[in-house]
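Report on the following structure.
The values are calculated or read from the model by the stated rules, or taken from the named source; none is laboratory data. Given the structure is predicted, the values throughout are model-derived calculations rather than measurements. All Cβ positions, even for glycine, are placed from backbone atoms using ideal geometry, and neighbour counts span all protein chains on display.
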Amino acid sequence: MAAHARGAAAYAVKAAGLAAPHDPTAVADEVRWQQSHASPTVREGLRRLPPPARSTSMLATVISDLHTKLIAGTLLSLMGSCH
């Protein structure tokens, strides 16, 4: 289940990179877009999933990076609501 929950976002990042092979910021731009558009519900759902398996493939690296950044965003927003 966790792989499916993360897969669509990771494939979108991969597609952005393939669609713009000469744009070194395409992948990072897509990751940032996803971060800025992920709802609190999506972030909370990802936070509840087990961490992604470690791997060296490009797709696994993207999945891990997205997961880490979205979880960090959830934790930061939760910390902000505690003040």
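Data overview
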read-out: Within region 40-52, tally of residues that are assigned to a helix (DSSP H, G or I) and either in contact (Cβ under 8 Å) with a residue 12 or more places away in the chain or of a type in the set (Lys, Arg) (or both); value: 8
read-out: Subset of region 48-76 (residues that are within 13 Å of residue 2 (Cβ to Cβ), at pLDDT below 85 and surrounded by fewer than 15 Cβ atoms within 10 Å (Cβ to Cβ)); value: 51, 53
read-out: Residue satisfying all of: in region 1-40; among the polar types (S, T, N, Q) and under 17 Å from residue 72 (Cβ atoms); farthest from the chain's Cα centre (by Cα) among these; value: 39
read-out: Residue count, region 1-39 (criterion: modelled with pLDDT of 90 or more, polar (S, T, N, Q) and either exposed (fewer than 10 other Cβ atoms within 10 Å of the Cβ) or part of a helix (DSSP H, G or I) (or both)); value: 0
